[in-house]
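Q: Got a structure here, written out as structure tokens. Questions coming.
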């Protein structure tokens, strides 16, 4: 299937590894010109190299912390137009609620929510002029089922869903769509490192820890395993395409059935 993405300009934040890299690579494979972003020049350069060498894709890089306004403004000066904006940048950290200080709440909202709102605000005028655009927020099933072990993370993911819906309402009747995508437990780089650390600390194999996780922590999962970043990227790539023009204002789940609801 041709997703009609050739020549589209796509910015994927936090895209040097994990879900973000998989999305950038998938978009590039479909012919989009991808802007790869990460905090370090080394990481960005390596991701761009891989996309060009392994996929033959068109990619450029921007190194900078897009959780902060000066970096976002610098990016827009260098890359003033984007047809597709994928707000993937995000942080998570398991922590008991009583131990989450105000500074953590503010930091999580700044990175997980405000960064995406800021970039949408900066790139939306160009999308309006073209009467075409795709804005996608990478939220989480944790936005629907707040995890007790990291409530602050879950709340920011709920906020992303609300932000995407509100922005979709604001561009109603245009060629711009806005959606949120909700991955379930996914073996991204951060999750993989976390699981490996748990396994080492408990003297167990990674497979044993994964099995226990889906038995005790996410028992409603229907696939009973971590999704791959590529499985998430496949949905995001479709939603970013012209073929998804009737999909907007939606919270689209790629959660392995973790959310126990038919709707």
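The values are calculated or read from the model by the stated rules, or taken from the named source; none is laboratory data. Here the structure is a predicted model, which means the values were calculated and not measured. So basically every Cβ, Gly included, is an ideal-geometry build from the backbone, and we count neighbours across all protein chains shown.
Q: Going through segment 158-181 one residue at a time, which ones are touching a residue at least 60 places away in the same chain (Cβ under 8 Å) and within 22 Å of residue 107 (Cβ to Cβ)?
A: 160, 161, 164, 180
A quick yes/no check of all residues on (1) modelled with pLDDT of 90 or more; (2) assigned by TED's automatic domain parsing to the domain that holds residue 21:
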residue: 196; (1), (2): no, no
residue: 201; (1), (2): no, no
residue: 220; (1), (2): yes, no
residue: 232; (1), (2): yes, yes
residue: 235; (1), (2): yes, yes
residue: 238; (1), (2): yes, yes
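Q: Scan 128, 121 and give me the residue that is surrounded by fewer than 20 Cβ atoms within 10 Å (Cβ to Cβ) and touching a residue at least 24 places away in the same chain (Cβ under 8 Å). Can you show your working first?
A: Details: 121 fails: touching a residue at least 24 places away in the same chain (Cβ under 8 Å).
Answer to the selection: 128.
Q: So residue 252 clears everything in (1) touching a helix residue (DSSP H, G or I) at 6+ places or on another chain (Cβ under 9 Å); (2) free of Cβ contacts under 8 Å to residues at least 40 places away in the same chain; (3) within 21 Å of residue 169 (Cα to Cα) except one condition, right? Which one?
A: With respect to (1) touching a helix residue (DSSP H, G or I) at 6+ places or on another chain (Cβ under 9 Å); (2) free of Cβ contacts under 8 Å to residues at least 40 places away in the same chain; (3) within 21 Å of residue 169 (Cα to Cα), residue 252 is out only on (2).
Q: Looking at segment 118-139, can you tell me whether even one residue there is part of a loop (DSSP other than H, G, I, E, B) and out of contact with any strand residue (DSSP E or B) (no Cβ under 6 Å at 6 or more places or on another chain)? Step through it out loud before you land on a result.
A: The initial filter retains those residues of segment 118-139 that are part of a loop (DSSP other than H, G, I, E, B), namely 131-132, 139.
Next cut, out of contact with any strand residue (DSSP E or B) (no Cβ under 6 Å at 6 or more places or on another chain) only: 131-132.
Yes - at least one qualifying residue is present in segment 118-139.
Q: Which numbered condition trips up residue 174, out of (1) closer than 17 Å to residue 92 by Cβ; (2) outside any helix (DSSP H, G or I); (3) over 21 Å from the mean Cα position of the chain (by Cα)?
A: Going through the list (1) closer than 17 Å to residue 92 by Cβ; (2) outside any helix (DSSP H, G or I); (3) over 21 Å from the mean Cα position of the chain (by Cα), residue 174 breaks only (1).
Q: Can you confirm whether residue 236 is closer than 30 Å to residue 120 by Cα, in contact (Cβ under 8 Å) with a residue 24 or more places away in the chain and touching a helix residue (DSSP H, G or I) at 6+ places or on another chain (Cβ under 6 Å)? Step through it out loud before you land on a result.
A: Values: closer than 30 Å to residue 120 by Cα: yes; in contact (Cβ under 8 Å) with a residue 24 or more places away in the chain: yes; touching a helix residue (DSSP H, G or I) at 6+ places or on another chain (Cβ under 6 Å): yes.
Taking the combined requirement at face value, the residue satisfies it.
Q: For residues that are closer than 21 Å to residue 262 by Cα and within 18 Å of the chain's Cα centre (by Cα), tally how many sit in segment 207-247. Can you show your working first?
A: Of all residues in segment 207-247, those closer than 21 Å to residue 262 by Cα come to 214, 217-227, 231-232, 235-236, 239, 246-247.
Subset that is within 18 Å of the chain's Cα centre (by Cα): 226-227, 231-232, 235-236, 239, 247.
Count: 8.
Q: Residues that are touching a residue at least 60 places away in the same chain (Cβ under 8 Å) and assigned to a helix (DSSP H, G or I): does segment 10-18 have at least one?
A: yes
Q: Restricting attention to segment 1-16, does a residue exist that is touching a helix residue (DSSP H, G or I) at 6+ places or on another chain (Cβ under 7 Å), at positive phi and assigned by TED's automatic domain parsing to the domain that holds residue 132?
A: Checked against the condition, which is being touching a helix residue (DSSP H, G or I) at 6+ places or on another chain (Cβ under 7 Å), at positive phi and assigned by TED's automatic domain parsing to the domain that holds residue 132, segment 1-16 yields at least one hit.
Q: Residue under question is residue 192, and the condition is that it be touching a helix residue (DSSP H, G or I) at 6+ places or on another chain (Cβ under 9 Å), outside the structural domain of residue 21 (by TED's automatic domain parsing) and over 23 Å from residue 158 (Cα atoms); does it hold?
A: yes
Q: Residue check, residue 6 against (1) within 13 Å of residue 240 (Cβ to Cβ); (2) surrounded by fewer than 24 Cβ atoms within 10 Å (Cβ to Cβ); (3) under 13 Å from the mean Cα position of the chain (by Cα), all met but one. Which one?
A: (3) is the only condition that residue 6 fails.
Q: Go through segment 57-110 and report how many residues are surrounded by 13 or more Cβ atoms within 10 Å (Cβ to Cβ), in a helix (DSSP H, G or I) and in contact with a helix residue (DSSP H, G or I) (Cβ under 7 Å, 6 or more places away or on another chain).
A: 7
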